[in-house]
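Structure record follows, encoded as C-alpha cells.
The values are calculated or read from the model by the stated rules, or taken from the named source; none is laboratory data. From a predicted model like this one, the values you see are computed outputs, not experimental measurements. In this analysis, Cβ positions are derived from the backbone assuming ideal geometry, glycine residues included, and neighbour counts consider all displayed protein chains.
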There are 4 protein chains.
Amino acid sequence: MIVEMRAGTTVEEIDGVVQRAKSLGLSVQLNLGTSKAVVAILGNNTGSLPTDVFAVLPGVESVTRIMKPYKLASREFKSEDSKVEVGDVAIGGKQIVVMAGPCAVESEEQMMAAAEIVKKAGARVLRGGAFKPRTSPFSFQGLEEEGLKLLARVRKQFAMPVVTEVVDNHEVALVAGSADILQVGARNMQNFTLLTEVGKSQSPVILKRGFACTVTEWLTAADYLLAEGNQRVILCERGIRTFETSTRFSMDISSIPVIKRASHLPVIVDPSHAAGHYSLVPAIARAAIAAGADGLLIEVHPNPKEALVDGLQSLTPSDFVRLMGELRTIARAVGRDI
Amino acid sequence: MIVEMRAGTTVEEIDGVVQRAKSLGLSVQLNLGTSKAVVAILGNNTGSLPTDVFAVLPGVESVTRIMKPYKLASREFKSEDSKVEVGDVAIGGKQIVVMAGPCAVESEEQMMAAAEIVKKAGARVLRGGAFKPRTSPFSFQGLEEEGLKLLARVRKQFAMPVVTEVVDNHEVALVAGSADILQVGARNMQNFTLLTEVGKSQSPVILKRGFACTVTEWLTAADYLLAEGNQRVILCERGIRTFETSTRFSMDISSIPVIKRASHLPVIVDPSHAAGHYSLVPAIARAAIAAGADGLLIEVHPNPKEALVDGLQSLTPSDFVRLMGELRTIARAVGRDI
Amino acid sequence: MIVEMRAGTTVEEIDGVVQRAKSLGLSVQLNLGTSKAVVAILGNNTGSLPTDVFAVLPGVESVTRIMKPYKLASREFKSEDSKVEVGDVAIGGKQIVVMAGPCAVESEEQMMAAAEIVKKAGARVLRGGAFKPRTSPFSFQGLEEEGLKLLARVRKQFAMPVVTEVVDNHEVALVAGSADILQVGARNMQNFTLLTEVGKSQSPVILKRGFACTVTEWLTAADYLLAEGNQRVILCERGIRTFETSTRFSMDISSIPVIKRASHLPVIVDPSHAAGHYSLVPAIARAAIAAGADGLLIEVHPNPKEALVDGLQSLTPSDFVRLMGELRTIARAVGRDI
Amino acid sequence: MIVEMRAGTTVEEIDGVVQRAKSLGLSVQLNLGTSKAVVAILGNNTGSLPTDVFAVLPGVESVTRIMKPYKLASREFKSEDSKVEVGDVAIGGKQIVVMAGPCAVESEEQMMAAAEIVKKAGARVLRGGAFKPRTSPFSFQGLEEEGLKLLARVRKQFAMPVVTEVVDNHEVALVAGSADILQVGARNMQNFTLLTEVGKSQSPVILKRGFACTVTEWLTAADYLLAEGNQRVILCERGIRTFETSTRFSMDISSIPVIKRASHLPVIVDPSHAAGHYSLVPAIARAAIAAGADGLLIEVHPNPKEALVDGLQSLTPSDFVRLMGELRTIARAVGRDI
C-alpha cells in the first residue's frame, strides 16, 4: 500500500504510520519528497488488509492499494487457465459451451420440450430455474422443490447436465441433489453466507456478476467459493446497471478480456438478461464469443408468448437454431468449436 | 399499462393484445392514431403484472407501466405516515431519532464505552454489527453469536434499544432475541428469502437501500416485508453507486422527498457508509435532516484508530457530540426535535 | 403522450389537459378507469413536444412519451440503411471500414509512418487529431492549424481519406478544407452550436456518443446534423461512463443492435478510448464486428512508447497487423468483408 | 506517481522507468519487494503528467497518480476561501446568495414580473437564459440576441446583477455585455474552447458540473478558467446522471463538503435541474444550505404552466416566497445569512 501524507505532516505522524506497519509485520520504505511524504508499505499480505488501517492515522491524506484484494481467483496465484469439468462437458477449454433453456421451470411438458430443442441444436447444458428471486412478492416465485424434481427427471431423460439457481444457504444440498451446476444469481453475488455454503458443497458453480459490482469485487466474491476448497467456479457476465435504458442492463463486454488477464477462471456470458429483448440477444451472443467468452447461458422457451417469466428475452426454438449456426461460424473464426 | 404497437401493425395483432388483456380480466381502450396504434390496458392489478405479458405479443413495439409495481408500501395504499415504535422510541414522528455506535461489535469494553458515549450525546438507539458481510473472505467477519450476547448485555445495562444486522434467513429468531431492530443490509435488499423470514418475524426492521437499486425496487422489496404482515418497516438511504469516486457511495439526498411523496414509511439516512470518510459525515447528516429524514444511523467508535472495521468513516466521541449539537439546530429549523 | 392523472383528480383538471392538447392541434382519447384517469394525446408531432407541456397542469401525476424525440435519424423516417460515401470508401455497406492512426498528429514523420502502416494493413481511412480537447489546460493541446496542413500533405501522399476532430464552430470550414470526414468528439455531442455548423458544412461527419448520453439523446443529436440537410452522418460508439474502473469507459456493445433497429445511420466503434489499454483493444474490436458494427476507429502509433497523447491505448504496428487478420476472419463469419 | 511493475519484471524494465523519469527531470525511489517492484516518481509537476508516460513502458503493471491533476483550483495552491464579488454581492462569504428566475427569457413582461418577484423575496441575482442548448433541434432555442437586450433592460430597471448562459466561444464578449455573470452549462463543462474564451473575458463565471464528470474533472476544468487569470470562478453542482430515474439527475450533495476540502472556490447548488420536479426542489435546496453550499440557483417562473422551457421544475412565486423563509431558518442554523 502507498500511504500519502498530508502537506505539512510531522515526523511523529509519519512515525505513527511506520509503527503501525511494523506492528502488522510489514516493512516500509519512506519517500520524503519536497512537497509530499509518501510511505510505501511492503509485504505479501497487504491485499487482504483494509486500507482503513492506515487511513485513520493522523496526517494521512490517502491510501492506495497496490495488491489486489482477491487472491485465490487471481492469475498471479494460478497462472494456467482453470477448466471446470461437469460430466463429459468441460468449461474453459477449446470448446465453447452453450447452456440453454427457459428462465423458469414451469411444467414437465415445457422442460421436456425445451431440453429436446436445445440439445438437438447443440447446447451441452440445460438451464431452468426452480427458485426464482423476483423483485415483487406478488410475482410467480417458481415451482421450488417440485421444480427440482422435475429438473432431475428431465436431466435423466436427456442425459444432459442441468444448471439451476440456489437462493437459500440451507438448501444447497437439496438443490445440488437435482442439479449438476449450482447458480448463484446476480442479486446474491455478495450474499457471503450463501457463497460459503456453496463453496463447501464442492459442486460446480456459476457465479453471476452482481449488476453493480466491479470485476474486482466479483473476483473477491469468487475467493469465498475458492477459500472453501471448491475449485469448480465459472464466472458469468450478465450486464451491469448504467444510465442507459434501451437495454435492461448494459453488457460489459470488456470484462471478458479483463477477466482473462486477471484471473484463471473460465467466464461465460448471459446475453438474455443483459438485453431484456430477444431481438438483441444474437448480436450480444456473437460478440461474447468474439471477445473470448468460454460459453453462453441463453434463455430459450418452447413458446415465449406463454412464458411465466421473462418471455420477452427468450428465444424461440427456431431463433435459437439460427443463432447456434451463427455462433459456430464465429467460434471457428476465433479458433474454437461449439 | 400502455401498449404501443409497431408502425404498420395489423388488426389481428391488435386483437391479440386485446384478447390477452381480456383473458386476464382486464379491460382495454383502443387509440388508433394515424401513425401509431396504442392499446390502454386498464384494471387495478396491472401493477403486479410483468410488462412481458404483452411485450412478447406480435406487433408490439413497447409496453409502459403506469401503475407502480409496489403496493403495500405506497402512499396510495396508506395515506398517513407510518410510525414505527420500538420501546419508547418512535421513528417517523416529530422527533428525529439518531442511532449510533460502532460498525462492528468488537468487545464488551468497546460496546459499553460506545453505548455510554452515544446515549449521553442524545442517540436513542445503539448500533453494532455482530455478523459482518465483508467483501473478502480473509477479512474479520464479526464476533457472530458471541457478539449477539454481548449486545444483549449492553442493551440491558443501558436500557437502550439495539439494532444489528441479520444475514442468514435461518438466524432471524436468534438475532431477534438479542436485538430490538433487525437490519437488512444493502447487499441483501433483494435477498428475498431473507426478506420473507424477517417479515414473518414481525420484528421492527431497517431495510437499507441496495446500492444499485432504484427507489421503486426498494419500495417493492419493502412489500416483501409488509406482505408478511410486518408493519414496522423503516427505510434507510445509504448512498448509491455512481461513477464518482471522491466518496465511497453517492448519497442520494433526493430520495428522501421522493420517498415521502411515494410512500408512508419512515426513512432514515446512513451518512457514514455513503461518505466513507469521517470528515464528510457531518455535512451529509445535516443535509439529511434538512431534506426531511426521520433519523440517522451514524458510526461512532470510542477509538476509530483501533477499529477493526470501517474506522475511517467512524466519528470520534468528541466529533459526535459536536455533530449532535449541529443536528439539534437543524432539526429545530425544520420544526422537529432530536 | 400518455398523461396519467392523480387519484381523485377532478373533471376540471382532466378538461385542462384536454384543452391544452386541443390548443396545440392534437387530439385526445380519455380512459377513465376506476382507479386512474388516463388521457392519451395523439398526433404526429408529439415527439418534439416537451412532456412538461402537460406535466405542469394541475392534477397530472406523470406524462409518458410514446413517440421518440428524434425524427430524422429514425428508421421510421427512413427505413433503408444509409450508406455514407467518402471518395471511394462507403461506410454502412457490406464492407467493414477500418479507420486507424495516431490519437494526435505529432509530426510529419510520425503521420507518414502511420499512414504507410495502416494503409498497408488494410485500413481505408487515416485518423489523427490536430485539435485535442484535453481535460487539463497544462496538457499538450495538439498542433492545431499546423497539424491540419500536415494532415493534408499525408492525405495527398497516400491518396487516403482523413478524419480529424473539429472543436470550434467557427473553424468548421477550415478543418473541412484539410479533412474528408469531420469528427465531433464525445465531449461535444451536445454542443449544439457546433453540431449546427457541422450540419451546414455538408461534410461527412462522425458523431461520437457522449460518454454519459443515452442512445436516444445520441440520435436526437444526430437530428441536429440531419436537420441542416447533411445526410452523411456516421455514429461512433466509444464507451460509456459507469462505476467499473478496470476499463477507461464501458463499451456499450448492445448499442450496436439497438441502433440498427432504431436508426438507418451507419455505426462504427472506437475500441481504443473505451478500453484505455492496448491489451484489451483486440477483443473489443472483434466483438464490435461480431455485433454488427459497420467499421472501427482504432488508435495505432508507429511508436506508442513515445506518443504524446494516449500511448497506452495505441496499438503498435505489428499488433495492428495481427488484429486486422483476426478482424477479417470475423468479418467473413458475419458475411462481410474488410 | 507510483509505478507498479509486473511480477517477474527485469532489471532492464525497471531501469527503463527510471531513465524516463530522469529524462523528465523527476527523481525516483525504488521499492524492490519480494513479490513486487514499485517505483515512486517524485517531483512537483507529476500532477500534470499523463500516467501513460510510464504506463506504456515494458514491464509496467499499473501507474497510480498521487498528485491531483488540477492545480490552480486546489486548496493546496490557495488555502483561504475565494470570494467572488459581483457589484455589491459576494459569493463565498458568510451570506448565502440565492440566484433565481426563469429557465428561459421569454418576454419583457415575463422577465420584469420574475425580477420583481425574486428580488422582493430576497434573491440577489436574476437568472434567465437567452441561448438555450436543447437536446432536440425542433425545440425552442431561446430568444438569443433579443433575449440579451431584454436582460440588459431588466437588469437596469431592477438594479440587480444578471446571470445568463454563453454557448459559443465567439459570443463571449457579446453576452458579457448584457450580463454580470456568465454561465457555462453542464453540457459545455468540457468544451475547452469555450472555457478558454470565458477565462480570457475576466467575467465572473458559474461553471456548472458536467452531469457525468467527476469532482476531479470539474476542478480541472476550472483550471482552464483560472489559467487565463480569471479568478472569479463559482462552481455549481446540478446533479449527476445515475441509474435512478425518480429524479431527472441525482443531486450529489456530498460534492459540497468534498469541494470545500479540495478547493478554495465557492460552490452553489442548482436544485431545479437535479430534481426535474418542483415538488422536490425545496428539500434539495434546504439540504444544500445545510451541507455548506454558498448559494443556490433556482428556477422561478411567474406562471410555470405557461413556461416555454422546463416549467415542471420551476417554482411558482408563492412557492418561492415560502422556500426563502425555510432557507433563512436553515442558514441561521448553520451560522450564515441569506
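Some points to look at:
- For the stretch B:304-323, the condition holds for at least one residue, the condition being that it is assigned to a strand (DSSP E or B) and in the same structural domain as B:P133 (by TED's automatic domain parsing).
- Residue satisfying condition, being within 24 Å of D:L323 (Cα to Cα), free of Cβ contacts under 8 Å to residues at least 60 places away in the same chain, in contact with a helix residue (DSSP H, G or I) (Cβ under 8 Å, 6 or more places away or on another chain) and among the charged types (D, E, K, R), within set D:R155, D:R124: D:R155
- Taken over the stretch A:9-38, the criterion of being modelled with pLDDT under 85 and not in a strand (DSSP E or B) is satisfied by A:G33, A:T34, A:S35, A:K36.
- Scanning the stretch D:58-76 for residues that are touching an Asp or Glu at 6+ places or on another chain (Cβ under 6 Å), within 26 Å of D:G16 (Cβ to Cβ) and not hydrophobic (A, V, I, L, M, F, W, C) gives D:P58, D:G59, D:E61, D:S62.
- In the stretch C:7-17, the residues that are more than 39 Å from the chain's Cα centre (by Cα) and either of a type outside the set (A, V, I, L, M, F, W, C) or more than 10 Å from every other protein chain (Cβ to nearest Cβ) (or both): C:G8, C:T9, C:T10, C:V11, C:E12, C:E13, C:I14, C:D15, C:G16
- For the stretch D:38-55, the candidate set comprises residues that are more than 11 Å from chain C (Cβ to nearest Cβ) and of a type in the set (G, A, S); within that set, the residue that is nearest to A:M1 (Cα to Cα) is D:A40.
- Counted as qualifying within the stretch D:77-134 are the strands (runs of 3 or more DSSP E) with 3 or more residues that are in contact with a Pro (Cβ under 9 Å, 6 or more places away or on another chain) and under 14 Å from D:R155 (Cα atoms), namely D:125-127.
- For the stretch D:169-186, filtered to residues that are at pLDDT below 95 and more than 17 Å from D:K149 (Cβ to Cβ), the residue that is nearest to the chain's Cα centre (by Cα) is D:N169.
- Of residues in the stretch B:8-50 being among the hydrophobic types (A, V, I, L, M, F, W, C) and touching a residue at least 40 places away in the same chain (Cβ under 8 Å), the one nearest to A:D310 (Cα to Cα): B:L49
- Residues considered: C:T245, C:T220, C:T216. Of these, the only one that is assigned by TED's automatic domain parsing to the domain that holds C:A290, under 15 Å from the mean Cα position of the chain (by Cα) and surrounded by fewer than 24 Cβ atoms within 10 Å (Cβ to Cβ) is C:T216.
- For B:K94, the conditions (1) surrounded by 19 or more Cβ atoms within 10 Å (Cβ to Cβ); (2) touching a residue at least 60 places away in the same chain (Cβ under 8 Å); (3) more than 14 Å from chain A (Cβ to nearest Cβ) all hold with the exception of (1).
- Matching option when the condition is in contact with a Leu (Cβ under 8 Å, 6 or more places away or on another chain) and outside the structural domain of B:V118 (by TED's automatic domain parsing), among B:V98, B:V39, B:V60: B:V39
- Taken together, B:G128, B:G142 contain a single residue that is modelled with pLDDT of 90 or more, under 17 Å from B:Q183 (Cα atoms) and away from chain A (no Cβ under 14 Å), which is B:G128.
- Options B:D180, B:D252; residue that is touching a strand residue (DSSP E or B) at 6+ places or on another chain (Cβ under 6 Å) and at the interface with another protein chain (Cβ under 7 Å from one of its Cβ atoms): B:D252
- Scoring A:P271 on the criteria (1) more than 12 Å from chain B (Cβ to nearest Cβ); (2) within 12 Å of the chain's Cα centre (by Cα) leaves a single failure, condition (2).
- Residues of the stretch D:5-34 classified as in contact with a strand residue (DSSP E or B) (Cβ under 9 Å, 6 or more places away or on another chain), more than 23 Å from D:K71 (Cβ to Cβ) and small (G, A, S), total: 3
- Pairs meeting the criteria (first residue in the stretch D:272-294 and polar (S, T, N, Q), second residue assigned to a helix (DSSP H, G or I), beta carbons under 9 Å, at least 6 apart or on different chains) are D:S272/D:Y278; D:S272/D:V281; D:S272/D:I284; D:S272/D:A285; D:S272/D:Q313; D:S279/B:P257; D:S279/B:R261.
- Tallying residues that are over 14 Å from A:M251 (Cβ atoms) and small (G, A, S) within the stretch C:243-263 yields 3.
- Pair list, Cβ < 7 Å and 6+ apart or interchain, from the stretch B:200-217 residues that are under 15 Å from A:P137 (Cβ atoms) and free of Cβ contacts under 8 Å to residues at least 24 places away in the same chain to residues that are surrounded by fewer than 24 Cβ atoms within 10 Å (Cβ to Cβ) and acidic (D, E): none
- Index of the failed condition, B:E237 passing every other in (1) surrounded by fewer than 24 Cβ atoms within 10 Å (Cβ to Cβ); (2) under 21 Å from the mean Cα position of the chain (by Cα); (3) among the charged types (D, E, K, R): (1)
- Flag: A:A262 does not match the condition of being closer than 20 Å to A:E237 by Cα and buried (at least 24 other Cβ atoms within 10 Å of the Cβ).
- When residues of the stretch C:297-322 are limited to those that are in contact with an Asp or Glu (Cβ under 9 Å, 6 or more places away or on another chain) and acidic (D, E), the one surrounded by the fewest Cβ atoms within 10 Å (Cβ to Cβ): C:E306
- Residue count for the stretch B:215-249 satisfying the condition of being within 10 Å of chain D (Cβ to nearest Cβ) and closer than 20 Å to D:P271 by Cβ: 6.
- Taken together, B:K120, B:K132 contain a single residue that is assigned by TED's automatic domain parsing to the domain that holds B:L327 and surrounded by fewer than 16 Cβ atoms within 10 Å (Cβ to Cβ), which is B:K120.
- Residues of the stretch A:66-91 that turn out to be polar (S, T, N, Q) and within 11 Å of chain D (Cβ to nearest Cβ), as a count: 2
- Odd one out for C:P58, checked against (1) within 14 Å of chain D (Cβ to nearest Cβ); (2) in a helix (DSSP H, G or I); (3) more than 31 Å from the chain's Cα centre (by Cα): (2)
- The stretch C:324-338, residues that are more than 10 Å from every other protein chain (Cβ to nearest Cβ) and either part of a helix (DSSP H, G or I) or acidic (D, E) (or both): C:M324, C:G325, C:D337
- Among all positions in the stretch C:280-296, there is at least one residue which is away from chain A (no Cβ under 14 Å) and crowded, with 24+ Cβ neighbours inside 10 Å.
- Of everything listed in (1) of a type outside the set (G, A, S); (2) away from chain A (no Cβ under 14 Å); (3) not in a loop (DSSP other than H, G, I, E, B), the single unmet condition for B:V63 is (2).
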